[in-house]
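The values are calculated or read from the model by the stated rules, or taken from the named source; none is laboratory data. Note that the coordinates shown come from a computational prediction; the quantities given were computed from them, not determined experimentally. Cβ placement follows ideal geometry from the backbone for every residue including glycine, while neighbour counts extend to all protein chains displayed.
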Amino acid sequence: MLRFIALYLLYISLSFLLIEHDFFKSWLQINALYTIWVTLISAKLMSLFVSLQYDSNFIHLPTLNLEIKFGCNGLESIVLYISAVWAYKATFKEKLYGLGIGLVAIYAINIVRIMVLGYVGVNHFEYFDVMHTYITQNIMIVLVFFVFLIYINFVKSHEKQYGTNE
């Protein structure tokens with residue numbers, strides 16, 4: 001357990017360093033690129049239900065403008081999940097499997113979260129702040145933890161079926 005915690009904290013620290021430090025930002029804007037894709041996919045899906053416009057990190061809805069930025073784009077959740085998977089004792093193949101399935105699931109969960117916030121912002125604006133600040137953030141945290149628990153269960157069942165891990 002101590003090994004997991006130490007590695008988890010190390011991986012989180014390194015990840016946020018890569019994302020936020022100016023030295024690395026000069027090479028690759030991970031957060032900006034990720035945000036553009038989250039905004040694009042969210043806007044395309046929301047446009048099936050409501051008229052909107054969008055640009056790099058804004059979705060312009062009839063009654064509000066959603067700004068997608070770090071903390072809202074789901075990248076923090078992705079970093080936390082990736083760090084947990086890499087820190088957890090499993091084979092390299094199990095880690096790759098966990099990352100592939102988990103990252104797709106977390107990305108999809110966040111897109112749905114943004115769409116729900118868009119819906120609430122357009123149809124029930126009086127509840128938007130509560131939904132954004134408390135409800136959807138907490139749901140996101142719980143669901144990311146749940147995805148990680150599914151990964152742990154996969155590793156444990158794989159271990160029982162094929163023998164011990166590395």
Self-check item: Given (1) within 16 Å of the chain's Cα centre (by Cα); (2) over 27 Å from Leu149 (Cβ atoms); (3) at pLDDT below 95, number of the condition Asp55 does not satisfy
Solution: (1)
Quiz item: Which of the residues belonging to the range 36-51 are over 18 Å from the mean Cα position of the chain (by Cα) and part of a helix (DSSP H, G or I)?
Solution: Lys44, Met46
Quiz item: Which of the residues spanning the range 67-86 are of a type in the set (D, E, K, R) and farther than 16 Å from Val144 by Cα?
Solution: Glu67, Lys69
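For every residue, the table says whether it meets (1) closer than 25 Å to Tyr134 by Cβ; (2) touching a Phe, Trp or Tyr at 6+ places or on another chain (Cβ under 7 Å); (3) loosely packed, with under 15 Cβ neighbours inside 10 Å.
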{"residue": "Met46", "(1), (2), (3)": "yes, no, no"}
{"residue": "Tyr54", "(1), (2), (3)": "no, no, no"}
{"residue": "Leu61", "(1), (2), (3)": "yes, no, no"}
{"residue": "Asn73", "(1), (2), (3)": "yes, yes, no"}
{"residue": "Ala87", "(1), (2), (3)": "no, yes, no"}
{"residue": "Lys95", "(1), (2), (3)": "no, yes, no"}
Practice problem: Just name the residue that is nearest to Asn57 (Cα to Cα) out of those in the range 108-160 that are among the polar types (S, T, N, Q) and crowded, with 18+ Cβ neighbours inside 10 Å. | Solution: Asn110
Exercise. From Tyr151, Tyr134, Tyr97, grab the single residue that is under 29 Å from Phe49 (Cβ atoms) and either assigned to a helix (DSSP H, G or I) or over 17 Å from the mean Cα position of the chain (by Cα) (or both).
Key: Tyr134
Quiz item: Which residues, taken from the range 62-88, are modelled with pLDDT of 95 or more and more than 20 Å from Tyr34 (Cβ to Cβ)?
Solution: Ala87, Tyr88
Quiz item: So which residues in the range 87-127 are of a type in the set (Gly, Ala, Ser), out of contact with any helix residue (DSSP H, G or I) (no Cβ under 7 Å at 6 or more places or on another chain) and farther than 15 Å from Ile150 by Cβ?
Solution: none
Quiz item: Going by the structure shown, is Ser77 small (Gly, Ala, Ser), within 14 Å of the chain's Cα centre (by Cα), farther than 30 Å from Lys156 by Cα and buried (at least 20 other Cβ atoms within 10 Å of the Cβ)?
Solution: no
Quiz prompt | Unmet criterion (only one of (1) over 26 Å from Arg113 (Cα atoms); (2) of a type outside the set (D, E, K, R); (3) not in a helix (DSSP H, G or I)) for Phe70 | solution = (1)
